[in-house]
Amino acid sequence: MKNRILFGTLLIITVALLSCQHQAHETEWELVWEDDFDRSDIFSTGEWRKINREYPTPDWMFHISDYEGCFDIVNSTVSLKGLVNTYVPEDTAKFLTGGITTKGLKSFQNGRIEVKAKLQAGKGAWPAIWLLPDEGGWPEGGEIDIMERLHHDDFIHQTIHSSYTVHLKKTEFPPHHTTVPFDASQFNIFAVELGPDSIAWFVNDLHTFTYPRLKDEFAEQNSQYPFDRPYHLIIDMQLGATWMPPVEKDDLPVEMLIDWVRFYQKKDIGSIHSNIKNH
């Protein structure tokens, strides 16, 4: 009986905490932009474009393609696919993957980005939701990984990169990465809050990780926190990389589904500048 009472009490407390957290989110932020993809063409609003392969090609772009079969909207849900390349004979890539970005069209700073997505699994699969700066090279301008999933993992990665973490190898103090379990059979809401002095990550409104700006002289001199700047959003169904096991063809096609994307700003931002910028 005592165990039942204790369990019931813990359950009530947990529900209450989740309710309070959700209410705080509702009262603290206001929605300033959203895309629910309620249309037949992903790109008709002029806020997204296909990602094209660049040269020299970084790992994540090895199989990026503008092939139409990698992109679809079904029931107001975007599908980004990873396919065996039997469709584009002039492309020597073994696989084709779809990715979309707001680069050059819309950028975000000092606010909260949420993406509701469902992630399929496969050996070598690497769906990602992330941010790169409008200006500044990599890693000097920073990279913010809202979500990455690898293979059949039942957890996702949330990470930041900068010259401080990449070149100086300062990855532990403060930690630059965490992993979070999630239910891959469902849609999940992956979110990040961008601020002038910290970045905070969330999964389904639960806070998972924070990366702060350090105030010491060494950190300031070595660009420990380059993240107070405009960023563009990238959502892509990646396949394979030099550091990953080979892609399993039998696991393809694979896709990531995007239900909606939202951007919030503080209702009372005070001296903090919230920004959503159309180019």
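The values are calculated or read from the model by the stated rules, or taken from the named source; none is laboratory data. Fair warning: this is a prediction, and the values are worked out from it, not measured in the lab. Every residue, glycine among them, receives a Cβ derived from its backbone with ideal geometry; neighbour counts consider all protein chains shown.
Within 21 Å of His232 (Cβ to Cβ) and of a type in the set (S, T, N, Q), is that true of Ser107?
Working: within 21 Å of His232 (Cβ to Cβ): yes; of a type in the set (S, T, N, Q): yes.
Yes: the conditions hold for Ser107.
Hey, Gln120 hits all of (1) in contact (Cβ under 8 Å) with a residue 60 or more places away in the chain; (2) within 25 Å of Lys277 (Cβ to Cβ) but one; which does it fall short on?
(2)
Could you tell me whether the range 50-62 includes any residue that is more than 13 Å from Ile234 (Cβ to Cβ), touching a Pro at 6+ places or on another chain (Cβ under 6 Å) and of a type in the set (S, T, N, Q)?
So far as the range 50-62 goes, no, none of its residues is more than 13 Å from Ile234 (Cβ to Cβ), touching a Pro at 6+ places or on another chain (Cβ under 6 Å) and of a type in the set (S, T, N, Q).
Which number in (1) surrounded by fewer than 17 Cβ atoms within 10 Å (Cβ to Cβ); (2) under 17 Å from the mean Cα position of the chain (by Cα) marks the one condition that Pro230 misses?
Among (1) surrounded by fewer than 17 Cβ atoms within 10 Å (Cβ to Cβ); (2) under 17 Å from the mean Cα position of the chain (by Cα), the lone unmet condition for Pro230 is (1).
Condition first: aliphatic (A, V, I, L, M) and either surrounded by fewer than 22 Cβ atoms within 10 Å (Cβ to Cβ) or assigned to a loop (DSSP other than H, G, I, E, B) (or both). Now tell me which residues in the range 85-99 satisfy that.
Val88, Ala93
Looking at the range 41-48, can you tell me whether even one residue there is touching a Ser or Thr at 6+ places or on another chain (Cβ under 8 Å), modelled with pLDDT of 95 or more and not in a helix (DSSP H, G or I)? Working first, answer last.
Going residue by residue through the range 41-48, those that are touching a Ser or Thr at 6+ places or on another chain (Cβ under 8 Å) are 47-48.
Filter again for modelled with pLDDT of 95 or more, leaving 47-48.
Filter again for not in a helix (DSSP H, G or I), leaving 47-48.
Checked against the condition, which is being touching a Ser or Thr at 6+ places or on another chain (Cβ under 8 Å), modelled with pLDDT of 95 or more and not in a helix (DSSP H, G or I), the range 41-48 yields at least one hit.
Does His157 satisfy being surrounded by fewer than 22 Cβ atoms within 10 Å (Cβ to Cβ), farther than 16 Å from Arg213 by Cβ and touching a residue at least 12 places away in the same chain (Cβ under 8 Å)?
Values: surrounded by fewer than 22 Cβ atoms within 10 Å (Cβ to Cβ): yes; farther than 16 Å from Arg213 by Cβ: yes; touching a residue at least 12 places away in the same chain (Cβ under 8 Å): yes.
Yes.
With the checklist (1) closer than 30 Å to Pro196 by Cα; (2) modelled with pLDDT under 95; (3) not hydroxyl-bearing (Ser, Thr, Tyr) in hand, flag the one item Phe62 doesn't pass.
The failed condition is (1).
Somewhere in the range 112-119, is a residue assigned to a loop (DSSP other than H, G, I, E, B) and modelled with pLDDT of 95 or more?
At the first step, the residues of the range 112-119 found to be assigned to a loop (DSSP other than H, G, I, E, B) are none.
No, every residue in the range 112-119 fails to be assigned to a loop (DSSP other than H, G, I, E, B) and modelled with pLDDT of 95 or more.
Every residue in the range 178-194 that is among the aromatic types (Phe, Trp, Tyr) and under 12 Å from Trp260 (Cα atoms), please.
Phe187, Phe190
State which residue is surrounded by the fewest Cβ atoms within 10 Å (Cβ to Cβ) when the search covers only the range 160-200 and only residues that are in contact with a strand residue (DSSP E or B) (Cβ under 8 Å, 6 or more places away or on another chain) and of a type in the set (D, E, K, R).
My answer is Asp197.
Which residue is surrounded by the most Cβ atoms within 10 Å (Cβ to Cβ), if the candidates are limited to the range 109-148 and must be acidic (Asp, Glu) and touching a Ser or Thr at 6+ places or on another chain (Cβ under 6 Å)?
Asp145
Filter the range 59-83 down to the residues that are among the aliphatic types (A, V, I, L, M) and surrounded by 15 or more Cβ atoms within 10 Å (Cβ to Cβ) and list them by number.
Passing the criteria: Met61, Ile64, Ile73, Val78, Leu80, Leu83.
Here is a check on your reading of the model: is Asp145 in contact with a Phe, Trp or Tyr (Cβ under 9 Å, 6 or more places away or on another chain), without any contact (Cβ under 8 Å) to a residue 60 or more places away in the chain and among the acidic types (Asp, Glu)?
Yes.
What are the residues in the range 68-81 that are within 24 Å of Met244 (Cα to Cα) and outside any strand (DSSP E or B), if any?
Listed by number, the list holds a single entry, Cys70.
How many of the residues in the range 233-247 are buried (at least 20 other Cβ atoms within 10 Å of the Cβ) and either part of a loop (DSSP other than H, G, I, E, B) or on the phi > 0 side of the Ramachandran plot (or both)?
Of the residues in the range 233-247, 2 are buried (at least 20 other Cβ atoms within 10 Å of the Cβ) and either part of a loop (DSSP other than H, G, I, E, B) or on the phi > 0 side of the Ramachandran plot (or both).
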